[in-house]
Amino acid sequence: METITIVLLMLLAVVVSDSIIRVLPLPVPLPLVQIGLGAAIASVTNIRVQLDPDIFFLLFLPPLLFLDGWRIPKEGLFRDKGIILEMALGLVIFTVIGVGFLVHWMIPSVPLPVAFALAAILSPTDPIAVSAIAARVPIPSRMMHVLEGESLLNDASGLVCMRFAVAAMLTGAFSLQAAFLTFLWLAFAGIVIGVGVTLGVTRGKAFLTRHLGEESGSQILISLLIPFGAYLLAEHVHASGILAAVAAGITMSYAENTGQSLALTRVRRTAVWDTAQFAANGAIFVLLGEQLPGIFSGAVDNVHHVGRASYWWLPVYVVVIYASLVALRFAWVWVSWRFAFRRSSKNGQPVVRPNWQLVAAMSFAGVRGAITLAGILTLPLFLNDGSLFPARDLVIFLAAGVIILSLIMASICLPRVLKNIDLPVEDSHQREEDYARIAAAEAAIMAIEKAQHELASGRADADAFTDVATQIMELYRKRIDGRMHLGEEREQAARSEEIGKQLHITALKAERQEIYRLVRARRLESTVASKMVRDIDLLEARYS
């Protein structure tokens, strides 16, 4: 009963945090509000959450990583693959070495493997937190694509590096050759399992759908189970469950391009996954706030053990670690981008050199978030000999402090750095969209003509099919004409289309309100009203 109460209270805090963020006059990051609510829960109640690291890791990371891989724009990922790989792999190793040695030198009571584990888990970035911070100061789309691609890959590389560091602490030994071979197995087997699980499940689902039909609820549940299946299977063979979940998500995006699922299934599944992502991310930060008092007291004990008389050294450690992360990121971005542009100039490609503002924006945009917190909380409680894991509470506090400080600094610095920044004009992809819409409309006209002849063949009311088909095809022809215009005619067609959307939405809202009025007046059954409202909602979603 207490566990259920805790879960419901955490979810309620996530809901309340969204309402608070909407009424605040300042652009406060949502994760900070959630952390504050978690701390408030811990201060006014006796509820304490005892986290099992393995269960915590399993519940939160697979679905979040799977969804990141599923939804990330693949075109941007492949277009900027060089920069993304340099930041997701090279920057992680650079950060692990630099911050690891710094933490061990600054706090000698933290063993070097534990310092490396802390540095490794601090290396992944969180684009969701960046999006929340920059809601009122939009981040350039290409910069956001780089951040998303980096986050997708450095989640895996950072967590794998942390796994090696923890293993070295538990066993007391580390072999570079063995680590390299293990990394190859972790990466290769994890990716293969992730791809295989998604392909196997989607093809099996398609086979059953063809023979038995499709039920939206079961299809949505299958999509929710895929990341857990890929993760558990990879972990069972001692491969990387993290990479398996990421690979499963990327494969899912390609499997969905076949368009086999029903439209209703896709609409409902999107809503379910949006809710799951919002709840999981929010619950992680609420848990962080709830755990802060206990983490802080444990960290104070660790500070006393290293001869520091005051707990005020804790924020000093946090500030130094965060400053080193920003400095290392700034240096890496500056140098790696210089090499990337030099390669582009040699290949004859146009070169646009970034100024210091763009590099600074990329540095402050390296916000730590849910993945860092989820990873650091999975540190084992005991070593193999049964003794306590050294400095566990301290490194958890340092990671939590860096998360909070990175959110605060990004919310302060990003809007100022991005203000009036000189960026190259980004491609709006309007030409590709126009071509796709024209091609889709032409395909629709051909399909209507074919269906009209087939349905009307041999029927006495064939003229009715012809009249209705003509009306529908005329709508598609108007869409084609509007997309083929250029200059002022193109702008006029776009304005007419936008006006049409607004009028359609107004009409649909009026329909829905009238249906609700009839239900309140008991002149329409609720089951019939629900079906009618669902149809209206789907149409409104199309125009919104």
- request: Test LEU59 against the criterion of being open to solvent by 80 Å² or more (accessible area, probe 1.4 Å) and closer than 19 Å to THR372 by Cβ, and give yes or no.
  value: yes
- prompt: Which one is nearest to ILE72 (Cα to Cα), of the residues in region 148-178 that are out of contact with any helix residue (DSSP H, G or I) (no Cβ under 6 Å at 6 or more places or on another chain) and not in a helix (DSSP H, G or I)?
  reply: SER175
- prompt: Does any residue of region 191-206 turn out to be modelled with pLDDT under 90, assigned to a helix (DSSP H, G or I) and open to solvent by 50 Å² or more (accessible area, probe 1.4 Å)?
  reply: no
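Against the definition (open to solvent by 40 Å² or more (accessible area, probe 1.4 Å), free of Cβ contacts under 8 Å to residues at least 24 places away in the same chain, closer than 11 Å to VAL286 by Cα and part of a helix (DSSP H, G or I)), how does LEU12 come out, yes or no? Show your work before the answer.
Numbers: open to solvent by 40 Å² or more (accessible area, probe 1.4 Å): yes; free of Cβ contacts under 8 Å to residues at least 24 places away in the same chain: yes; closer than 11 Å to VAL286 by Cα: yes; part of a helix (DSSP H, G or I): yes.
Yes.
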statement: When ALA541 is run through (1) touching a residue at least 60 places away in the same chain (Cβ under 8 Å); (2) open to solvent by 100 Å² or more (accessible area, probe 1.4 Å), the failure sits at (2)
task: Evaluate the following for ALA460: is it modelled with pLDDT of 75 or more, loosely packed, with under 14 Cβ neighbours inside 10 Å, in a helix (DSSP H, G or I) and not aromatic (Phe, Trp, Tyr)?
output: no
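Looking at HIS238, is it at positive phi and either in contact (Cβ under 8 Å) with a residue 12 or more places away in the chain or open to solvent by 50 Å² or more (accessible area, probe 1.4 Å) (or both)?
Numbers: at positive phi: yes; either in contact (Cβ under 8 Å) with a residue 12 or more places away in the chain or open to solvent by 50 Å² or more (accessible area, probe 1.4 Å) (or both): yes.
Judged against the criteria, HIS238 is a match.
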- line: Filtering region 89-118 down to residues that are closer than 20 Å to MET362 by Cβ and in contact with a Ser or Thr (Cβ under 6 Å, 6 or more places away or on another chain) yields LEU89, VAL92, THR95, VAL99
- request: With respect to PRO415, determine if the residue is of a type outside the set (S, T, N, Q), open to solvent by 20 Å² or more (accessible area, probe 1.4 Å), farther than 15 Å from SER123 by Cα and not in a helix (DSSP H, G or I).
  value: no
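Quick check, is GLU215 touching a helix residue (DSSP H, G or I) at 6+ places or on another chain (Cβ under 6 Å), open to solvent by 50 Å² or more (accessible area, probe 1.4 Å) and of a type in the set (Asp, Glu)?
Numbers: touching a helix residue (DSSP H, G or I) at 6+ places or on another chain (Cβ under 6 Å): no; open to solvent by 50 Å² or more (accessible area, probe 1.4 Å): yes; of a type in the set (Asp, Glu): yes.
Answer is no for this residue.
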- prompt: Among the residues of region 307-356, which ones are modelled with pLDDT under 80, of a type in the set (S, T, N, Q) and more than 20 Å from ALA399 (Cα to Cα)?
  reply: SER344, SER345, ASN347, GLN349, ASN355
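Residues are listed down the side, and each one gets a yes or a no for (1) under 30 Å from TYR435 (Cα atoms); (2) modelled with pLDDT under 85:
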| site | (1), (2) |
| --- | --- |
| ARG490 | yes, yes |
| GLN502 | yes, yes |
| ILE505 | yes, yes |
| ARG517 | no, no |
| THR527 | no, yes |
| ASP535 | yes, yes |
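Would you be able to tell me the number of residues in region 207-263 that are closer than 12 Å to PRO62 by Cβ, of a type in the set (A, V, I, L, M) and in a loop (DSSP other than H, G, I, E, B)?
Just the residues of region 207-263 that are closer than 12 Å to PRO62 by Cβ, to begin with: 224-235, 240-249.
Pick out the ones that are also of a type in the set (A, V, I, L, M) and you get 224-226, 230, 232-234, 242-248.
Narrowing further to those that are in a loop (DSSP other than H, G, I, E, B): none.
Looking only at that region, the number is 0.
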query: Is there a residue in region 263-284 that is modelled with pLDDT under 80 and over 15 Å from the mean Cα position of the chain (by Cα)?
result: yes
- request: Given the conditions (1) open to solvent by 30 Å² or more (accessible area, probe 1.4 Å); (2) out of contact with any His (no Cβ under 6 Å at 6 or more places or on another chain), report the number of the one that LEU64 does not fulfil.
  value: (1)
field: Complete set of residues in region 33-51 that are over 13 Å from LEU373 (Cβ atoms), in contact (Cβ under 8 Å) with a residue 60 or more places away in the chain and not in a loop (DSSP other than H, G, I, E, B)
entry: GLY36, LEU37, ALA39, ALA40, ILE41, ALA42, SER43
task: Return yes or no: is PHE56 assigned to a helix (DSSP H, G or I) and over 19 Å from the mean Cα position of the chain (by Cα)?
output: no
field: Residue that is modelled with the lowest pLDDT, among those in region 103-118 that are open to solvent by 10 Å² or more (accessible area, probe 1.4 Å) and either closer than 14 Å to GLY401 by Cβ or touching a Cys at 6+ places or on another chain (Cβ under 9 Å) (or both)
entry: MET106
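Out of all the residues in region 28-52, which are surrounded by fewer than 16 Cβ atoms within 10 Å (Cβ to Cβ) and either of a type in the set (Gly, Ala, Ser) or at pLDDT below 80 (or both)? So that I can check it myself, show each step before the final result.
Our first condition is that a residue be surrounded by fewer than 16 Cβ atoms within 10 Å (Cβ to Cβ); within region 28-52, this holds for 40, 43-48, 50-52.
Once the filter is applied, which keeps residues that are surrounded by fewer than 16 Cβ atoms within 10 Å (Cβ to Cβ) and either of a type in the set (Gly, Ala, Ser) or at pLDDT below 80 (or both), region 28-52 yields ALA40, SER43, THR45, ASN46, ILE47, ARG48, GLN50, LEU51, ASP52.
Within region 119-154, which residues are polar (S, T, N, Q), at pLDDT 80 or above and within 11 Å of the chain's Cα centre (by Cα)? Reasoning before the result, please.
Here is the first cut: in region 119-154, the residues polar (S, T, N, Q) are 123, 125, 131, 141, 151, 154.
Those left that are additionally at pLDDT 80 or above: 123, 125, 151, 154.
Within region 119-154, THR125, SER151 qualify.
The values are calculated or read from the model by the stated rules, or taken from the named source; none is laboratory data. If you're wondering where the values come from, they're calculated on a predicted model, not measured in any experiment. So basically every Cβ, Gly included, is an ideal-geometry build from the backbone, and we count neighbours across all protein chains shown. Each accessible area value is taken on the protein alone, full model and side chains, heavy atoms only, with ligands, DNA and RNA left out. Shrake-Rupley method; radii C 1.70, N 1.55, O 1.52, S 1.80 Å.
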